[in-house]
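Everything below concerns the one structure shown next.
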Amino acid sequence: MARSYKLENERYGSKPEQKKRRAARNTARRRAIKSGLVKKGSKKDIHHKDGNPKNNARSNLTVVSRGGNRNQSPGRPQGKKDRVQRRPRGSKV
């Protein structure tokens, strides 16, 4: 089944609380660009250490790679990626 972005936005993205969180993340990004921490178009994200996008204190923000930041989700141990267990080459099941 294909992903319905319209339905996803209606159910989640358009809620007032989510709009405020998105605005706070965008504010953190703009401030980092203005202060020279990142450049527009760089493949870096602004990471909120405590996971709260509304806390834009300088001590709570770090610059990280996109992949490193987006791989983290609440409840998942840091540094662990979802990996499929693969059989060694040539082995038979």
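Summary of values
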read-out: Residue in the range 27-45 that is within 24 Å of GLY13 (Cβ to Cβ) and within 10 Å of the chain's Cα centre (by Cα) present; value: yes
read-out: Neighbours by Cβ (under 7 Å, 6+ apart or cross-chain): first from the range 57-69, under 15 Å from ARG29 (Cβ atoms) and loosely packed, with under 13 Cβ neighbours inside 10 Å; second modelled with pLDDT of 95 or more and small (Gly, Ala, Ser); value: none
read-out: Checklist (1) among the small types (Gly, Ala, Ser); (2) more than 23 Å from ASN55 (Cβ to Cβ); (3) part of a helix (DSSP H, G or I) applied to ALA23, failing item; value: (2)
read-out: Unmet criterion (only one of (1) modelled with pLDDT under 90; (2) exposed (fewer than 11 other Cβ atoms within 10 Å of the Cβ)) for LYS34; value: (1)
read-out: ARG11 vs. criteria out of contact with any Cys (no Cβ under 8 Å at 6 or more places or on another chain) and touching a residue at least 24 places away in the same chain (Cβ under 8 Å); value: no
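The values are calculated or read from the model by the stated rules, or taken from the named source; none is laboratory data. Bear in mind that the values here come from a model prediction, so they are computed numbers and not experimental data. As a convention, Cβ positions derive from the backbone with ideal geometry for all residues, glycine included, and neighbour counts pool all protein chains shown.
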